[in-house]
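To start, the structure under review is shown below, and the notes come after it.
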Amino acid sequence: MIWYTIFMNLMHFFSIFIFILFIHKPIFANPLPLVQEDASIRFEIEHIGRFKVEGLFSEFDANLTLTNNQLVQSKLEGTIYVNSINTLNKRRDKHLNSDDFFDSDQFPTIDFSGTLHQDDKGQFFWDGDVTIKDIQNKIAVPLTVSSSSALETDSFIQLNGTFILSRFDYGITKHRLMIDEYVTIDVDGKFEI
């Protein structure tokens, strides 16, 4: 009879252990790493009212930290390295890195940090702070969210968003007559599960 009691106590202990280990353990690693080769940060701005200048940042990093294995209330943060700006014109890129624009020697990064939310219609948004040249502003970015099936070998969460920033809000105010105030930014991030 004593062996039966010991056996039942051990079974009870192991069932609690298994419950804690598998049920309460997060399904995904946190934070989820950005898949660099499947990510991009592109921008477009009008120049002299006649044509648009397009470019990208080639060096950046981001992390997505899930909350309770859900996207809602998850944290998305990262850094963009300003001197990686590329408009396919080295002279223009050098000028954009100068103190006329980003002043990348003094302010080498653009930083962002915020959380994901979902409205009543199911639309996801990233609400957070963007810091450029030590000036921080709150923005909201509508996101398109897609993900792979849990059964696929390469599981991921994909976030895409397009939004507009005023460069004036970040102290980038020179050349007002030549370059538009507003910059359209397109971000695409794939995070590995």
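The values are calculated or read from the model by the stated rules, or taken from the named source; none is laboratory data. Values in this document were obtained by computation on a predicted structure and should not be read as measured data. Here Cβ is always computed from backbone atoms with ideal geometry, including for glycine, and neighbour counts include all displayed protein chains. Side chains are part of the model used for accessible areas, which takes the heavy atoms of the whole protein and leaves out ligands, DNA and RNA. Shrake-Rupley method; radii C 1.70, N 1.55, O 1.52, S 1.80 Å.
Data table
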{"quantity": "Loop sites in the stretch 155-193: trypsin sites (Lys or Arg not before Pro), DSSP, at most 15 other Cβ within 10 Å", "calculated": "Lys174, Arg176"}
{"quantity": "Sparse-neighbourhood loop sites, trypsin sites (Lys or Arg not before Pro) in the stretch 22-125 - DSSP loop, at most 10 other Cβ within 10 angstrom", "calculated": "Arg50, Lys121"}
{"quantity": "Accessible carbon and sulfur surface of the stretch 98-186 relative to its total accessible area, %, 1.4 Å", "calculated": "51"}
{"quantity": "Residues of the stretch 41-113: accessible area per residue with a 1.4 Å probe, Å²", "calculated": "59"}
{"quantity": "Dipole of the stretch 75-193 [Lys/Arg +1, Asp/Glu -1 at C-beta], most positive-end residue of His175, Leu96, Phe107", "calculated": "His175"}
{"quantity": "Residue pairs, from the table Lys75/Lys174; Lys52/Lys121; Lys90/Lys190; Lys133/Lys174, whose Cα atoms sit over 22 Å apart", "calculated": "Lys75/Lys174; Lys52/Lys121; Lys90/Lys190"}
{"quantity": "Extension reserve of the Gln106-Asp134 stretch, reckoned as 0.36 nm per residue once the Cα distance is removed", "calculated": "9.1 nm"}
{"quantity": "List Ser113, Ser166, ordered by accessible area with a 1.4 Å probe, largest first", "calculated": "Ser113, Ser166"}
